[in-house]
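Structure provided below as structure tokens; questions to follow.
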Amino acid sequence: MEKERRNFIKKGAAIGATGAAGLMTWMAAEDVNETGEKVKLLSTNGEIIEVDKAYLKMASVENAEQMRRDLIGREPVPGRKFIMVVDLGRCRNAKKCIIACQKMHYLAEDKEWLKVKLLKDSDAGAPYWFPKLCMHCDNPPCVKVCPVAATFKREDGLVLIDNDKCIGCKFCMVACPYSTRVFNWEDPENPDMEGAEFPSTETSLPHYHNTVEKCDFCPDMVRMGKLPDCVTVCPNGVFYFGDENEDAVTNGDETVRLSALLKDRAGYRYMEELGTKPRVYYLPPVNRMFPVERGYRDLSEEEINVMKDQMK
Amino acid sequence: MKNTREKIFEAILPSMRDKGIKFKLWNAFLIAIILWGLYALWIQVTVGHIVTGMRDHIVWGIYIVNFIFFIGLGYAGSVIAALLYFGNIKWRTPIVRVATVMMVISTIIGPIYIFMEIGRLDRIHHLFIYARLQSPIMWDVIAVITYLIGCIIFFYLRVIRDFSFLSNKEIFSGFRQKLYRWLSIGYCEKPEQNRLLKQSNDILGVLIVPIAILVSSILSWIFGMTLRPGWHSSIFGPYFVLAAIYSGIGVVVVLLYIYRSIYKLEAYITDTHFKYLGYAIIAFGAGYGYFTFSEYFTDWYTSKEWNARLIEKLFDPQQYGWATFFTTVGGILIPMIVIGIPQLRTTKSTVVVSLIMVIAMWVKRYLIIIPTLENTLVPMQDLDPVVSKYSATWVEWALVSASFAAFALVFTWIMRFVGIIPIYTSSELEEGARIYSNVQTSSS
Amino acid sequence: MKIALTTFLTLLFAGILFAQDEKIGLDITLTYTRSADGSVTLQAEVYDEEEYEPVTDLEFQFISVAGEEEEVLGAAYSDENAMVVLSGIPFEKILRDMSDNMVFRLVGENDIYSGFSELQIRHVELSVNFKIEDSVKIVSVDLTGKDEDGETVGVEDGEVYFFVPRLYGDLAIGDVWTDEDGYDQMRFPTDIPGDESGNLTVIARITESEDFGSLEVRVVKDWGLPTMTEALDERELWSPNAPLWMVITFAILITGVFVHYIWVIVNLYRVKKLGR
């Protein structure tokens, strides 16, 4: 998996170069004498295109890096609208998703982009485990408030962060009602980026000190047609991920109709009344696969008490 | 008229060339605090924001509290000055001088504290090259810059004539005289010059009040535009405007009193000044109190879950109950009672309650920011109390202390340079003449 | 050549059988899959008979058998999951008898293990047809094979599942069970999103049938709903560009204020000029 990631990052370089070349073509179309020698490049749509070699030289070195990042990270996966459904009836706080996420994104142990909370909706209601990811809202309050366009909404539904632009004002963290976003308070550890010459917004790498990060639905993986790691690693198939345009989601084992799943299981979005239009749906915690106590297994007494205290 | 000016000048001269040991100690004390703050800043920049008490849930701390407090003073200054100017209030001059100086200094110090909150100061230019107009932070950046320019012009217009007067005083060093002369841009009481100055004063006087109100509202919208209870409230704009003016009057009262007692200026800063400022405190306190009440009352009455949790946090004595008690009783009720009952109202009591009120207003800003951030929609369930509960570290306190020291230091030196009593305007008002007295006689 | 090979294999077999006493036997589950392009994949899961542990890194031979005839299709090693896979076998290479029956043999041996397995599969042809009856969209299958005389006949009891491929995995949309004529049909769902022009790849698949193995047929049909990817709104609060009213209001406010600032600064300049 890691190898694929790296390869993708390399591939990203080619994509970026294409974009940069395209931009340069537009900017300096008249001044270039075409050499007649064509170079094959991979476009953002995954198509192979040919560009005259003369245009390649036009990319200025200083801006090239930023352009690449913009072009790779801000282009949607064409034709897709990614969506997630979380089946609360299956979660037992196994935390495999959290560990997989940390591994995937090279996060420190105390850093969780994906959290599992213990919730209870009403006084007499039953507590349940609630995996909380980024909701990738269609009306994202975090994107609205960003002063420098570091966080942005893509056509394929993803809300991502350009770690290179973020000034660390934390306004997006304040604006997000789900407390999804986390901040690099300390200088974060980064993986060895050798071979990954052009890290992209899609890999959320490298991590920068004093900037904001969050769950990104693993855009580099989904661009390759692979499921995010939290989905595949979950032993109970809690997470369904897919393309809303195709009306299908997969939890790694089974592929189901999204509309049918939401209809039959009364899917809902967390705090619909906030108007954020999340792209994560939840299936109510009914017909549980496990009693809620199963989730206490690996927790200390203290942790259980804190959870029970704050359970709402 | 000339004699009146000389008289005023003589009265304020001690404050303009103070070289006493107390003055020096005072400066040394302030500089020491500022250096301590700079050291803290150096630590924060080199080590990172981990040295503050802020964490993933409570991402804004007392820097933002301080930012609101100082920006509030900045807005208050211009509103107080402009209202008094257009009311053609006779006793206004020392108040206007203190208010405008407070305005300029606070509007500079305040925004510095939003930068303390920003993680990547090395990317601060992104605010300009990647600016997004939809962000309330961008509104604030633009608004504060616009306001600051207005403030400096507004203040400058009010000191030009005094500079021209001071430039001829040989008691000052040659350099200082030259500086006065340069700053007075050749003003020499020509009728046309007076007409132009009066026109400029009128323009900015009219303009600065709506700008201050708008800018103050924009500040409140940084919070009002989020989905959080305690912030997301349509009352927030006017609430911030009133709170700003209210705290601003308190600071003016305290500063006037300090100058009056140190430099024996009872003839110019009279008890009447404090009485009238007291009345203003009652008026704005009543408005501010009314807003506070309606804010808490509506949230408490409907008790929407998320809002109710905040109200509980604010009124629970185990949490922020005592702070809320202090800000409402000490910050609103006591000033109004003490100043409102004639038997209790003296200059001293007015000053004391003003000081309490100013402190309460700072605490109030803390109560606006911190409990709201601690009140997350999804429960935090973090074991580490550092994450779930905010408490400022020494770095943050050092930087906040530095802001007050910097305010005091800059205020001291500006007042030393321009004088606490506006010489020209005061003399005109004292002799019952029109301001810019010879404007009417001018033919143009 | 073929005779020589057969002889060799027979000798080899005799050797294996002879040596079997000392070696550990293998438990082999062999499956047959014919993909839509016609190529065949043979796949087996291999465990030892004593401990029932996965057997890894053992070379296996895949052999096609028809009566006396034998043809070696290829060889592969078992991987860490005890899987032996030989894929992309051209269908023509496989030996068949008169009624299209195929026999596959998997043989593996080294110093420790030895075992083999045989699988018999009846070759069938699956075809998918679409029709509209009384404005109801219907998809049907014809499953045909050869009888003892080599005549083409319908094949009964074939359970055929329909799928549409999605980004992650295939979505099941229904199944049919062939009658004595090898025929069955079902209503085609009308609300499955296809591509931009409504094209849909439909997969008809028989999965791990004891008689026919696994096989599938893929057909592209324009019975899907066209998918429109809506472009994001250009001027939203969360888009890169601000709503127009915001830009205009902002411009008016800032211009209004700064015009007055400039007016005052010009006034000050005139004051200065008068002072000379």
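Once amide H atoms are built 1.01 Å from N in the peptide plane, which residues 5 or more positions from C:Gly158, or in another chain, come under 5 Å H to H?
C:Thr178
A further question on this structure: For chain B, find the longest principal axis of its Cα atoms and tell me its angle to the long axis of helix B:236-263, 0 to 90°, nearest 10.
For B:236-263 against chain B, the angle is about 50 degrees.
As an exercise, find the ratio Rg/Rh for the protein assembly as shown from alpha-carbon atoms, using the Kirkwood inverse-distance average for Rh.
On the Cα set of the protein assembly as shown, Rg over Rh gives 1.13.
Which loop-located GluC sites (Glu not before Pro) does segment B:398-434 contain, where loop means any DSSP state but H, G, I, E or B and the Cβ has at most 14 other Cβ atoms within 10 Å?
B:Glu431
If r is the Cβ-Cβ distance from B:Ile262 to A:Lys263 and R0 is 56 Å, what FRET efficiency results, to the nearest 0.05?
0.10
List the chymotrypsin sites (Phe, Trp or Tyr not before Pro) within segment C:28-108 that DSSP assigns to loop and that have no more than 12 neighbouring Cβ atoms inside 10 Å.
Sites meeting the loop and neighbour criteria: C:Tyr52.
Mind listing the phi-derived Karplus ³J(HN,Hα) values for segment A:228-241, rounded to whole Hz, using 6.51, -1.76 and 1.60 with θ = phi - 60°, and x for any glycine or proline?
Listing the rounded values in order: x, 4, 4, 5, 6, 7, 5, x, 10, x, 5, 9, 10, 10 Hz.
Give me the distance in nm between label points sitting 7 Å out from Cα along the Cα-to-Cβ direction at C:Leu225 and B:Lys389, one decimal.
Distance between label points: 5.2 nm.
Using 1/(1 + (r/R0)^6) with R0 = 56 angstrom and r between the beta carbons of C:Met246 and C:Gln185, what's the FRET efficiency to the nearest 0.05?
For C:Met246 and C:Gln185, the calculated efficiency is 0.45.
Sticking with this one: Beyond a 21 Å Cα-Cα separation, which of these cross-linked pairs lie in this structure: A:Lys117/A:Lys226; B:Lys313/B:Lys364; A:Lys165/B:Lys389; C:Lys137/C:Lys221; A:Lys120/A:Lys153; B:Lys19/B:Lys264?
A:Lys117/A:Lys226; A:Lys165/B:Lys389; A:Lys120/A:Lys153
Below 13 angstrom from the Cβ of B:Val386, what's the summed charge of the other residues (Lys, Arg +1; Asp, Glu -1)?
-4
Follow-up question, since we're still on this one. Which FRET efficiency, nearest 0.05, do A:Leu299 and A:Asp121 yield, Cβ-Cβ r, R0 35 Å?
E between A:Leu299 and A:Asp121, to the nearest 0.05, is 0.95.
What do you get for the angle between helix B:2-16 and the principal long axis of chain B? Use alpha-carbon atoms, 0 to 90 degrees, nearest ten.
40 degrees
Which whole-number percent gives the relative contact order of chain B, counting Cα pairs below 8 Å spaced six or more residues apart?
Over chain B, the number comes to 32 percent.
For segment B:262-279 and segment B:321-389, what is the separation of their C-alpha centers, rounded to whole Å?
27 Å
Still on this structure, please answer the following. Under 16 Å from the Cα of C:Lys93, which lysines turn up, not counting those fewer than eight places away in the same chain?
C:Lys2
Taking Cα atoms, how many degrees apart are the long axis of helix C:244-275 and the longest axis of chain C, rounded to 10 and kept between 0 and 90?
40 degrees
Let me ask another. Report the full-extension gain for the segment C:Trp177 to C:Val153: residue separation times 0.36 nm, less the Cα-Cα distance, to one decimal in nm.
Working it through step by step, the gained length comes to 7.0 nm.
Just to be sure I understand the model, the point goes 7 Å from the Cα along the line to the Cβ. What's the resulting A:Val286 to A:Lys103 distance in nm?
The answer from the label model is 3.6 nm.
Between C:Ile262 and B:Ile171, what is the label-to-label distance in nm when each label sits 7 Å out along the Cα-to-Cβ direction?
Modelled inter-label distance: 4.4 nm.
On a straight-distance basis, which lysines could pair with B:Lys190 in a cross-link, Cα separation under 26 angstrom, same-chain partners fewer than 8 positions away excluded?
B:Lys190 reaches B:Lys2, B:Lys7, B:Lys90, B:Lys169, B:Lys178, B:Lys198, C:Lys272, C:Lys273.
OK, next. Hey, what do the phi angles of segment B:35-41 turn into as Karplus ³J(HN,Hα) couplings, whole Hz, using 6.51/-1.76/1.60 and θ = phi - 60°, x for Gly and Pro?
Karplus values, whole Hz, x for Gly and Pro: 5, 4, x, 5, 4, 4, 5.
Name the GluC sites (Glu not before Pro) in segment C:141-212 that are in a loop by DSSP and that have at most 12 other C-beta atoms within 10 Å, would you?
Taking segment C:141-212 and a limit of 12 other Cβ atoms within 10 Å, the loop GluC sites (Glu not before Pro) found are C:Glu148, C:Glu151, C:Glu180, C:Glu196, C:Glu210.
Can I ask one more? Mean separation of Cα pairs under 8 Å and 6+ residues apart, divided by the residue count of chain C: what relative contact order is that in percent?
13 percent
Quick note: the coordinates plus some simple rules give every number you see, no bench work behind them. These numbers come from a predicted model, not from an experiment. Note that each Cβ is placed from the backbone with ideal geometry, even for glycine, and that neighbours are counted across all protein chains shown.
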